[in-house]
Amino acid sequence: MSGVEVLRHLLRQSHHARPEDLPEMAMRAAGPVGATAMIIYLVDHQQRRLLPLLAGTAPAREPIGVDGTLAGRA
């Protein structure tokens with residue numbers, strides 16, 4: 001399965017998942033695309049920080065400033 005197919009599958013499955021299931025679903029999708037982890041980040045209400053959505057086997061991560069990302073520099 002290609003990386004694009006894995007991502008499509010993850011997105012399709014996410015529509016039927018509970019929010020607390022999403023981090024583990026992302027982690028399961030990491031292996032087939034050759035990654036060791038896949039972390040989902042959510043932006044805060046002020047749109048200043050990206051907060052990791054963590055659970056299950058997802059490794060701990062710190063919030064990231066939006067300005068420090070490619071999208072934040074646009």
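Provide the FRET efficiency to the nearest 0.05 for the residue 35-residue 64 pair, computing r from the beta carbons and using R0 = 22 Å.
It comes out at approximately 0.80.
Can you give the alpha-carbon Rg of the stretch 3-73 over 2.2 N^0.38 Å, where N counts its residues?
1.15
Return the distance in nm (one decimal) between the two label points of a simple spin-label model at residue 14 and residue 47, each offset 7 Å from Cα along Cα→Cβ.
Roughly 1.9 nm, to one decimal.
With +1 assigned to the C-beta of every Lys and Arg and -1 to the C-beta of every Asp and Glu, and no other charges, what is the dipole magnitude of the chain about the Cα centre in debye, to the nearest 20?
That gives a dipole near 140 debye.
What do you get for the angle between helix 3-14 and the principal long axis of the chain? Use alpha-carbon atoms, 0 to 90 degrees, nearest ten.
80
Rule-based calculations on the coordinates, nothing more; no lab input. Source: prediction; values computed, not measured. In this analysis, Cβ positions are derived from the backbone assuming ideal geometry, glycine residues included, and neighbour counts consider all displayed protein chains.
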